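Student: Below you'll find the structure I mean.
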Amino acid sequence: MRLGTGRWVLGVVLVLGGAVPCHAAPPVLERIEVSGSPPVVRLHLSAEREVRARTLAAEGDLPSRIYLDFDGVALPPDLPRTVAGHGPLLRVRTGWFDRETVRVVLDLEQPVDFDVEPHGATVMIALTPKRRAPPVADATPPAPTAPPAPPVVQAPPPVAKAPRPARVVPEPSPPVVVLDAGHGGRDPGAAGIGGVLEKDVALAFAKQVADRLHARLPVAVFMTRTDDSFIPLERRIDVPLDATVFLSLHANACSDASVSGIEVFYGGGRLRPAGGAAHDSAAPSAALLGRRIEEALRAKLGIVRGTARPGSFRVLDRNPAPSALVEIAYLTDPADAERAQSDRYQALFADALVDGVAAFLRDSAPPL
């Protein structure tokens, strides 16, 4: 089955096999192979499975991409998350798009034509350079001489033409915003006045922000936790591969009970190279995210300490998505602790944070 040659494809579905019995273990993505020139990527699964192929144009620090989604497929812990490419293929990345979907992303040096073909339990993606239209000759042809008058013949009756199929213009996938409520479970975080805990404050604010993101912006929201559970750092930053924004919410504590206010840090936003190490410095997109969030919080709440600045937190500097960490309040300050537990203040804060995300998405969008 051929797909995608000469065009960007959105929403293509290949049915590679029948339904998996409910009692069976999920298929596993066992191996990723890159070979040939032009490159061919082979995704070897333990059983046939449905796959959806889509594309994304380059924007900001992100290159052109082809990505493939598999529902109900498992990732073994020893599968490399990044495989080096060659030619127009920079790399192949693998991870969880959400808790049900495995995503494989082909980062491209430039847009290419491609075919997606199933071969049993293997999905093959063949890349070829985009085809160019033949050049138009510069020479001006000589003026034609008048031909002799043609003989008069009876014109054949007109033949009805089949209607031309309507062109389907694919809609881009919505931006993905990841919300990370800090700490959780056995890790309570900071403790404040009256026994208020950072993990509880972070989760309450994250839920408010998620509700307002869904209501106000055309985005997909992914939460690293939705209850009082402990999530290790590696799973927190194992975010959807095409995440546009990562927001980590925390609360502060200080021995000086008079210290108060909101603080904003930023980082991340760099694609990891094939070797796996992230860049040391934050991407310009991360700095832009931090500034827009700080400006929005300051405009609506007015209690921001300093300006947005780079943070050395691991959840930021090891994150492939443009990321911001917001310290909501100092729980050791009486006024801050009271505000942090107020439903009304949580709603106001969430609206301000969504204002900042909206401004970032607007300012970082590629030109038409």
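The values are calculated or read from the model by the stated rules, or taken from the named source; none is laboratory data. Since we're looking at a predicted model, the values are computed, not measured. No Cβ is skipped: glycine too gets one built from the backbone with ideal geometry, and neighbour counts run over all protein chains shown.
Student: Pull up segment 299-337, narrow it to residues that are in a strand (DSSP E or B) and in contact with a Ser or Thr (Cβ under 6 Å, 6 or more places away or on another chain), then point me to the one that is farthest from Leu288 (Cα to Cα).
Tutor: Tyr330
Student: Another one. Could you tell me which of the residues Thr224, Thr145, Thr140 is at pLDDT 75 or above and of a type in the set (S, T, N, Q)?
Tutor: Thr224
Student: Tell me, please, whether a residue that is crowded, with 21+ Cβ neighbours inside 10 Å and touching a Phe, Trp or Tyr at 6+ places or on another chain (Cβ under 8 Å) can be found in segment 212-233.
Tutor: no
Student: Can you find even one residue in segment 191-205 that is assigned by TED's automatic domain parsing to the domain that holds Gln346 and within 19 Å of the chain's Cα centre (by Cα)?
Tutor: No: segment 191-205 contains no residue that is assigned by TED's automatic domain parsing to the domain that holds Gln346 and within 19 Å of the chain's Cα centre (by Cα).
This table checks each residue for (1) at pLDDT 90 or above; (2) assigned to a loop (DSSP other than H, G, I, E, B); (3) more than 20 Å from the chain's Cα centre (by Cα); (4) surrounded by fewer than 20 Cβ atoms within 10 Å (Cβ to Cβ).
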{"position": "Pro76", "(1), (2), (3), (4)": "no, yes, yes, yes"}
{"position": "Leu79", "(1), (2), (3), (4)": "no, yes, yes, yes"}
{"position": "Val92", "(1), (2), (3), (4)": "yes, no, no, no"}
{"position": "Trp96", "(1), (2), (3), (4)": "no, no, no, yes"}
{"position": "Val102", "(1), (2), (3), (4)": "no, no, no, no"}
{"position": "Phe114", "(1), (2), (3), (4)": "yes, no, yes, no"}
{"position": "Glu117", "(1), (2), (3), (4)": "yes, no, yes, yes"}
{"position": "Met124", "(1), (2), (3), (4)": "yes, no, yes, yes"}
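Student: Just wondering, is there one or more residues in segment 329-340 that are closer than 16 Å to Asp355 by Cβ and modelled with pLDDT of 95 or more?
Tutor: Checked segment 329-340: no residue is closer than 16 Å to Asp355 by Cβ and modelled with pLDDT of 95 or more.
Student: Further, regarding this structure: In segment 197-225, how many residues are part of a helix (DSSP H, G or I) and within 16 Å of Arg339 (Cβ to Cβ)?
Tutor: Of the residues in segment 197-225, 8 are part of a helix (DSSP H, G or I) and within 16 Å of Arg339 (Cβ to Cβ).
Student: For Leu241, are the conditions met, namely being under 17 Å from Gly184 (Cβ atoms), in the same structural domain as Ala191 (by TED's automatic domain parsing), of a type outside the set (Val, Ile, Thr) and buried (at least 17 other Cβ atoms within 10 Å of the Cβ)?
Tutor: It is false that Leu241 is under 17 Å from Gly184 (Cβ atoms), in the same structural domain as Ala191 (by TED's automatic domain parsing), of a type outside the set (Val, Ile, Thr) and buried (at least 17 other Cβ atoms within 10 Å of the Cβ).
Student: For segment 45-65, check the following and say yes or no: at least one residue is buried (at least 19 other Cβ atoms within 10 Å of the Cβ) and at pLDDT below 80.
Tutor: yes
Student: Considering segment 229-252 alone, what residues qualify as being at pLDDT below 95 and not in a loop (DSSP other than H, G, I, E, B)?
Tutor: Leu233, Glu234, Arg235, Arg236, Ala243, Thr244
Student: Another question, if that's okay. Cβ contacts < 7 Å: first residue assigned by TED's automatic domain parsing to the domain that holds Thr122, restricted to segment 31-47; second residue of a type in the set (Lys, Arg) and surrounded by fewer than 19 Cβ atoms within 10 Å (Cβ to Cβ), any location; separation 6+ or different chain. Result?
Tutor: Hits for this filter: Glu33/Arg42; His44/Arg31.
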